[in-house]
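Worksheet: the structure to be examined is printed underneath.
Coordinate-derived values only; no laboratory data. Remember, predicted model here, so these are calculated numbers, not experimental data. Every residue, glycine among them, receives a Cβ derived from its backbone with ideal geometry; neighbour counts consider all protein chains shown.
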Amino acid sequence: MVINLPTDTKQLILTEDNDVITITLNNPQYKNALSEELTPYLRTILKKLKKQNKYKILLIRGKGDSFCSGGNIKKMNSNKKYIRKNNIEKINDLYNKQLELTHALSSLEIPTVAVINGPAAGAGLSLALSCDIRIGSKKAFFLSNYSKIGLTGDYGISWYLTNLLGPSKAKELMFCNHRIYADEAYKIGILNFLFTKNFESNLKDFLDNLLSQSHYALKLIKKNIDFASYNNLRKTLKLEAKHLIMSSNSEEHKLAVAKFKKK
């Protein structure tokens, strides 16, 4: 049963379906751009989710034919209050905003899934990359677009692209600004899954499979992999040992083993 939850803005839709929480960016007129109205409420939702232990999966998707076009270019450099700040204030302001958005999304304990049915550009690409899994339709495409408007990238795009694709491919995407369409995105690893037919049905099957896994184990696996991305093997082995013993003591593990033995 799908339940609508309050968001305090029409530009975000929040729904709960049993153990799955879905955030829908609802600004299709501007291709779900990260507007000054949408983004603060998105940060608030992520902050609340970090404190909860209610859901097993977070989905984030866009309304209409776009995932997220990033910042609204037409409104850039128009905030007079922001313009009056000095550079140190601007750097700290952006740094904190990044921590509260893509970093907060990356660091959620539960698996996070970006559902992409159109463009993910600029900071919208960063938003998609900050999720654990990306699922796209044949209409999905990806675009950096920063250097085209004289900018260098934010919300972790340099880190996400480099860790996902390696420095050479990351530079190619950031330098050249060509569109990465769904087939290529799947081939190089930007998309984990590409559903060209029966999209919603295939998405449901994916979620059902993920929900059937041990919720506790998935949380610890995510911690292992995130830790391994910036630590050496020896330190990672230590954390794996800790988490394996913790998971072996869980009720989920004991029930799964008992079920397996019955078979």
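Below are the figures for this structure:
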read-out	value
Answer residue from the stretch 44-56, given it is buried (at least 17 other Cβ atoms within 10 Å of the Cβ) and under 24 Å from Pro28 (Cα atoms) and is nearest to the chain's Cα centre (by Cα) among those	Leu46
Number of the exception - Asp8 against (1) under 18 Å from the mean Cα position of the chain (by Cα); (2) part of a loop (DSSP other than H, G, I, E, B); (3) farther than 28 Å from Leu151 by Cα	(1)
Qualifying residue in the stretch 220-240 (condition: under 30 Å from Asn145 (Cβ atoms), over 21 Å from the mean Cα position of the chain (by Cα) and without any contact (Cβ under 8 Å) to a residue 12 or more places away in the chain)	no
